[in-house]
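Below: the structure, in structure tokens.
Each reported figure results from applying straightforward, stated rules to the coordinates on display, with no laboratory input. Since the structure is predicted, the reported quantities are computational estimates derived from the model, not experimental observations. With ideal geometry, Cβ positions are generated from the backbone for all residues, glycine too; neighbour counts draw on all protein chains shown.
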């Protein structure tokens, strides 16, 4: 592996690891009696400020004509609402279920993406992709303890986790289709604007009852840095170097990082079957994205 690809791989891995830290930080914030609205709003506001500052140093591309740019901004903001919903649903899920389970549910985006692609293209997926979906579902059953601990499963949390995965699937799909002529930082900023609006509308009833602004100087900075600023910057630099296939494999680092953080900082118990399920999901993601051999 040459130095350029090694550098790109490191950047993508760090971006994925940053996402993996989030749920544990949110749990710790809840432990200090911060609310869902305070967590999501502080992350959105500070994240937007960070991306705005970054965009001040980015030159506008010649391909970004004013008329086309204005139309793209509206589409990006609309698509970005799914980002806000993803954070909200995910952070609600971790109120009910362990972080190690929540991250596994979020990774259901892998098979949801296959289903979405099938619906939009009106073509059946290949046998390999169908097998991958089956393996991920088996891994999920193991990783969420559905076989050995059915009595303690919180189905409300499972439901919110799956909603987060669905919303994240839409985010990933739309972000790879809209306004590709824009710089990645600028596209991310406008999508975050849409996400902020979604979070604000959801959080408004809670904000009206009271809002602890102390979170902006504590967990808000941490969540914005690792959840909103660092990952898109690292992915924007690293992904073009690694390519989507290797990038998707490296992004699966998010799962073990999230589980290990929950294990060491939150003291969550992770059993053998859960580790087997997590390993199965990661291996499936790797196999799905390995480069195919070209026919001679």
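List of remarks:
- Within a Gaussian network of the chain (alpha carbon springs, distance under 10 Å), most fluctuating of 72, 258, 87: 72
- Shape class of the stretch 3-289 from the alpha-carbon gyration tensor: oblate, with a/c at 1.5 or above and b/c at least as large as a/b.
- Stretchable slack from residue 78 to residue 208, in nm (0.36 nm times residue separation minus alpha-carbon distance): 44.3 nm
- Mean Cα-pair separation over length for the chain, i.e. relative contact order, pairs under 8 Å, 6 or more apart, %: 44 percent
- Pairwise FRET efficiency - residue 96 versus residue 176, Cβ, R0 = 45 Å, nearest 0.05: 0.90
- In the chain, the calculated helix contribution to ellipticity at 222 nm averages -25500 deg cm²/dmol per residue, counting -39,500 (n - 2.57) for every DSSP H run with n ≥ 4.
- Multiplying the residue separation of residue 70 and residue 264 by 0.36 nm and subtracting their alpha-carbon distance yields 65.2 nm.
- Annotation for the stretch 75-110 versus the stretch 165-239: alpha-carbon center distance of 12 Å.
- Estimated inter-spin distance, residue 6 and residue 120, nm [label 7 Å along Cα→Cβ]: 3.7 nm
- Three-way shape call for the stretch 16-171 based on the alpha-carbon gyration tensor, with the a/c threshold at 1.5: oblate
- Label-to-label distance, nm, for residues given as residue 154 and residue 218 (7 Å Cα→Cβ offset): 2.0 nm
- Only Cα sites of the stretch 160-296 enter the Debye sum here, all with the same form factor; the resulting log10 I(q)/I(0) across q = 0.11, 0.15, 0.17 1/Å is -0.59, -1.07, -1.30, listed in q order.
- Within the stretch 37-59: backbone nitrogen closer than 11 Å to the residue 200 label point (7 Å, Cα to C-beta): 45
- Net lengthening on full extension, residue 185/residue 279 (0.36 nm per residue, minus Cα-Cα): 30.6 nm
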